[in-house]
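Okay, structure first, notes after.
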Amino acid sequence: MLTNVSNEAPTTESLSYVIALKPQVDIEDAADCLTLAVCATEGLYGRTAVQLDGSWHFDRRLRRCTLDASTDVGRSISRIFTEHLIAQCGRNGFRVERFGIPFMRQEAS
């Protein structure tokens, strides 16, 4: 499971995307697309900014990725990930849902 979840309190300006992968999409290819998106975003903003401002959760079992897009870093990860998915599996390989509600952050244990 690929996860980087912040404990920062959500704001009213939060925006998140849930990308649901269709059955024909290879789950490992999709995970690789997310890894590439995170690496590309690190190239733009630096590792520290991605660690502090980027939040995502990739669930292989549910075949979905939730991305916090309430920061510039998060929006970049979301956009780059989506572009990689389009290149890898086509526009019909996934569905994107946009939520203008706070990103549900998990408490660190």
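The values are calculated or read from the model by the stated rules, or taken from the named source; none is laboratory data. Just so it is clear, the model here is predicted, and its values are computed rather than measured. No Cβ is skipped: glycine too gets one built from the backbone with ideal geometry, and neighbour counts run over all protein chains shown. Please note that ligands, DNA and RNA were not included when accessible areas were found on the heavy atoms of the full protein model with its side chains. Shrake-Rupley method; radii C 1.70, N 1.55, O 1.52, S 1.80 Å.
Quick rundown of the values:
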item: Conditions (1) open to solvent by 30 Å² or more (accessible area, probe 1.4 Å); (2) assigned to a strand (DSSP E or B); (3) of a type outside the set (D, E, K, R): number failed by residue 58; result: (1)
item: Candidate set from region 61-85 (those that are among the β-branched types (Val, Ile, Thr) and touching a helix residue (DSSP H, G or I) at 6+ places or on another chain (Cβ under 8 Å)); member that is surrounded by the most Cβ atoms within 10 Å (Cβ to Cβ); result: 77
item: Flag for residue 91 being out of contact with any Gly (no Cβ under 9 Å at 6 or more places or on another chain), open to solvent by 20 Å² or more (accessible area, probe 1.4 Å), more than 11 Å from residue 17 (Cβ to Cβ) and basic (Lys, Arg); result: yes
